[in-house]
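The next block holds one structure in the form of C-alpha cells; read it before the comments.
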Amino acid sequence: MSIEKLIFQLLENVGENPKRAGLVKTPARVARAWKEWTAGYAPFPHSLTLFSTNFDGIIARKGIPFASTCEHHLAHYSGTIDFGYIPNKQMLGISKIIRLIQHYCARLTVQEDLTKDLVEKFEVAVKPKGMIIKISAFHSCESSRGVSMPNVPTITFLATGIFKKEKHLVDQFYHLLSS
Ligand SMILES: [Zn+2]
C-alpha cells in the first residue's frame, strides 16, 4: 500500500475527514516528506574524496544541526552534533563531514545507535586515528506525549581510538568547542 493511502486511512482512523479542503493534499505532502525523512536508506549521493594530509591535530565541527526519526514512535528528534577526529594521513572535505552525518540521520533511528552508527560510517570511510562525537537532541515523542518534558535534551557521547586512550584529547576537544 502506498504511503498516500496509508495516510488517508490514518486521517480517517483519528476521526478526521481526509476529503475536507485542508487535508485533501496532506497524504501526498506527507508521502513526499517521508521520502526526505528516509533518504538515508539510499546510497550516499556524494563522492567521498579523501585528501592526503600530514596534519595530526584535531579537526572539529561544532553544532551541526540534524534531524532524525525515532524508530519507536516515528516521531522526530533534532538537535546538534559536535564532531571531531584526528586524521591518519587522510582527511575528508569539511562539508562532506556534514553531508555524511545528515545523510545517515535520515533513517529510522534511536539516538544511542545513531551515535555509534555515525562513528562507524566515518571510521570505515576515513580510517582516522580516533573520533569523538556528542549528540544533543530534543525528542518530540517525549515532549509531545508520555512524560511531556519539552526542554530536557538527551546527550550521547562516544570517543574512539586515540581519544579513548589519551583522555587529555577529549579535554582539548571540549576546550576547542568552548572557544
Ligand atoms: Zn520515540
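Just so you know, all these numbers are worked out from the coordinates, no wet-lab data involved. From a predicted model like this one, the values you see are computed outputs, not experimental measurements. Counting neighbours? That spans all protein chains shown, and the Cβs are built from the backbone with ideal geometry, glycine included.
May I ask you to order 48-56, 19-27 by the average number of other C-beta atoms within 10 Å around their residues, highest value first?
Listed from highest to lowest mean packing, they are 19-27, 48-56.
Close amide H contacts of Gly130 (hydrogens built in the peptide plane, cut-off under 5 Å, sequence separation of 5 or more or a different chain): Ile86, Ile162. In the chain, Cα pairs under 8 Å separated by at least six residues give a relative contact order of 20 percent. Shown in residue order for the stretch 145-154 are the 3J(HN,Hα) couplings computed by the Karplus curve 6.51 cos²θ - 1.76 cosθ + 1.60 at θ = phi - 60°: 7, x, 6, 6, 10, x, 10, 10, x, 9 Hz (x for Gly and Pro).
Under a Gaussian network description of the chain, with springs only between Cα atoms under 10 Å, the residue in Phe44, Phe163, Phe122 that fluctuates furthest is Phe44.
Considering all alpha-carbon pairs of the stretch 50-178, what whole percent are spaced by more than 20 angstrom? Roughly 44 percent, once rounded to a whole number.
Straight-line reach from Lys19: taking Cα to Cα under 16 Å and skipping same-chain neighbours fewer than 8 places apart, the lysines in range are Lys5. Using Cα centres only, tell me the gap between the stretch 77-120 and the stretch 123-141 in whole Å. If we compute the Cα centre of each part, the gap is 5 Å. Hey, got a sec? Which GluC sites (Glu not before Pro) in the stretch 81-179 land in a DSSP loop and have at most 15 other Cβ atoms within 10 Å? Here the sparse-neighbourhood loop sites are Glu166. What do you get for the angle between helix 111-126 and the principal long axis of the chain? Use alpha-carbon atoms, 0 to 90 degrees, nearest ten. Tilt relative to the chain: about 50 degrees.
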